[in-house]
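Here's the structure we're looking at; comments come further down.
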């Protein structure tokens, strides 16, 4: 297994770890296991401080974490930090929800697009403002603050997203070149015209 992991891109290893953990926690919650509820509570509360300062959450992040992604020094590395944040956001998103809030191939920008479509008119400007604040965030604390607000809104409408992809996006946001690509993809996905509206327009033109 270790040899197989070495041949895989780091993004694939991170995705599989976070997605599998989210699916397992959601499944445990659906089966009403006390372990899943306790893990989700610990992860949810851990958004308040960096991973290095919270030994109570280390087992939730480090258990079965791919060795290839571990930080090189005595501080959590970028992949460990991204996994922690993604799982903590998932725990926040999953709170009081019976169905899983992790959905493969449903990126952050797409989820916010869906939120914007179903939200009331009095909420749309606030969603746009928060989303723009995420795109322009200059620090991790600022990014976490604005992501938290949007994920709480996604939770209120039971709109899921892909937490494995979010983890990889959080890694990419730590590097200037890849950060631009992530922000561009999020913006495109958020502003994409829904296929249903395109179909309605095409039918109107044909008639």
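Does residue 71 satisfy the criteria of being free of Cβ contacts under 8 Å to residues at least 12 places away in the same chain, in contact with a helix residue (DSSP H, G or I) (Cβ under 7 Å, 6 or more places away or on another chain), surrounded by 13 or more Cβ atoms within 10 Å (Cβ to Cβ) and part of a loop (DSSP other than H, G, I, E, B)? Talk me through it step by step, then tell me what you get.
Details: free of Cβ contacts under 8 Å to residues at least 12 places away in the same chain: yes; in contact with a helix residue (DSSP H, G or I) (Cβ under 7 Å, 6 or more places away or on another chain): yes; surrounded by 13 or more Cβ atoms within 10 Å (Cβ to Cβ): yes; part of a loop (DSSP other than H, G, I, E, B): yes.
Yes: the conditions hold for residue 71.
Applying the selection to segment 98-114, what residues are surrounded by fewer than 14 Cβ atoms within 10 Å (Cβ to Cβ) and either at pLDDT below 95 or touching a strand residue (DSSP E or B) at 6+ places or on another chain (Cβ under 9 Å) (or both)?
Listed by number, the list holds a single entry, 98.
The values are calculated or read from the model by the stated rules, or taken from the named source; none is laboratory data. This structure is a prediction, so every number in the text was calculated from the model and none was measured. Ideal geometry is used to build each Cβ from the backbone, glycine not excepted, and the neighbour counts take in all protein chains shown.
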